[in-house]
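Have a look at the structure below before the remarks.
The values are calculated or read from the model by the stated rules, or taken from the named source; none is laboratory data. Predicted, not measured: the structure shown is a model, and the values here were computed from it. With ideal geometry, Cβ positions are generated from the backbone for all residues, glycine too; neighbour counts draw on all protein chains shown. Side chains included, ligands, DNA and RNA excluded: accessible areas come from the protein's heavy atoms. Shrake-Rupley method; radii C 1.70, N 1.55, O 1.52, S 1.80 Å.
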Amino acid sequence: DAGITQSPRHKVTETGTPVTLRCHQTENHRYMYWYRQDPGHGLRLIHYSYGVKDTDKGEVSDGYSVSRSKTEDFLLTLESATSSQTSVYFCAILGQGADTQYFGPGTRLTVL
Amino acid sequence: GENVEQHPSTLSVQEGDSAVIKCTYSDSASNYFPWYKQELGKGPQLIIDIRSNVGEKKDQRIAVTLNKTAKHFSLHITETQPEDSAVYFCAASTGGFKTIFGAGTRLFVKA
């Protein structure tokens with residue numbers, strides 16, 4: 001698992017509430033990513049980080065923000081959760097070879 | 001925008017038969033093509049990859065082929081086993097920083 005953990009693993013929340021998902025890595029990787037996975041869409045990039053406090057948007061960033069104050073932690077925040085954000089969220093890191101991404105175990109989020 | 005198309009979306013084979021999954025990509029700058037296997041409740045796991053300077057790569061029962069001219073690449077699994085049942089994703093990358101994933105293929109191997 002490339003030393004990646006995600007928390008929580010499952011969460012149920014209500015529309016309009018803020019939600020923060022955490023990705024933690026133990027191997028000092030510079031690049032980290034947040035994806036969402038939905039049936040028929042594969043993995044779509046939400047945001048990524050290329051270093052502490054350095055982040056940028058992916059293809060589906062609306063409604064999401066991220067922060068990276070330490071190399072090992074990359075946080076994804078839904079400021080005001082909507083039902084369309086019900087999904088499985090995966091964190092990934094870019095391996096030392098600088099071409100392969102390795103994924104965490106995922107967080108299943110349900111917004112009621 | 002850039003995209004990766006993956007076919008079929010669902011594939012059912014008999015144990016022992018071969019399975020083939022095909023992908024096409026649009027970004028001619030893509031030079032790295034990983035394949036991932038995702039089992040139920042887990043994150044995608046890298047199973048094999050190929051770079052643009054190689055036409056074919058094999059690892060035991062799994063092989064990947066790449067046709068850069070046609071911009072397509074394929075995953076071949078021979079002598080399929082029930083534990084091969086999973087969702088498989090192809091991806092195309094211009095360097096790991098930017099990776100585009102296919103929509104996935106759900107493979108069922110019937111015993």
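Could you please give the count of residues in the range A:7-21 that are within 20 Å of A:Gly63 (Cα to Cα) and touching a Pro at 6+ places or on another chain (Cβ under 8 Å)?
In the first step, residues of the range A:7-21 are kept if they are within 20 Å of A:Gly63 (Cα to Cα); the result is A:7-8, A:10-21.
Checking which are touching a Pro at 6+ places or on another chain (Cβ under 8 Å) leaves us with A:21.
Of the residues in the range A:7-21, 1 are within 20 Å of A:Gly63 (Cα to Cα) and touching a Pro at 6+ places or on another chain (Cβ under 8 Å).
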Residues that are of a type outside the set (D, E, K, R), in contact (Cβ under 8 Å) with a residue 60 or more places away in the chain and open to solvent by 70 Å² or more (accessible area, probe 1.4 Å): find the strands (runs of 3 or more DSSP E) completely inside the range A:1-93 holding 2 or more of those. A:10-13
Per the filter on the range B:79-107, residues surrounded by fewer than 15 Cβ atoms within 10 Å (Cβ to Cβ) and away from chain A (no Cβ under 14 Å) are B:Glu79, B:Gln81, B:Pro82, B:Glu83
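Condition check ((1) loosely packed, with under 14 Cβ neighbours inside 10 Å; (2) closer than 14 Å to B:Phe101 by Cα; (3) touching a helix residue (DSSP H, G or I) at 6+ places or on another chain (Cβ under 8 Å)) across all residues:
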position	(1), (2), (3)
B:Gln14	yes, no, no
B:Asn53	yes, no, no
B:Val64	no, no, no
B:Asn67	yes, no, no
B:Phe73	no, yes, no
How many of the residues making up the range B:1-25 are within 14 Å of another protein chain (Cβ to nearest Cβ) and over 16 Å from the mean Cα position of the chain (by Cα)? 2
Of all residues in the range A:96-110 being at the interface with chain B (Cβ under 7 Å from one of its Cβ atoms), in a loop (DSSP other than H, G, I, E, B) and at pLDDT below 95, which is least open to solvent (accessible area, probe 1.4 Å)? A:Thr100
Filtering the range A:48-74 down to residues that are within 13 Å of chain B (Cβ to nearest Cβ) and out of contact with any His (no Cβ under 8 Å at 6 or more places or on another chain), which residue is nearest to A:Val88 (Cα to Cα)? A:Val60
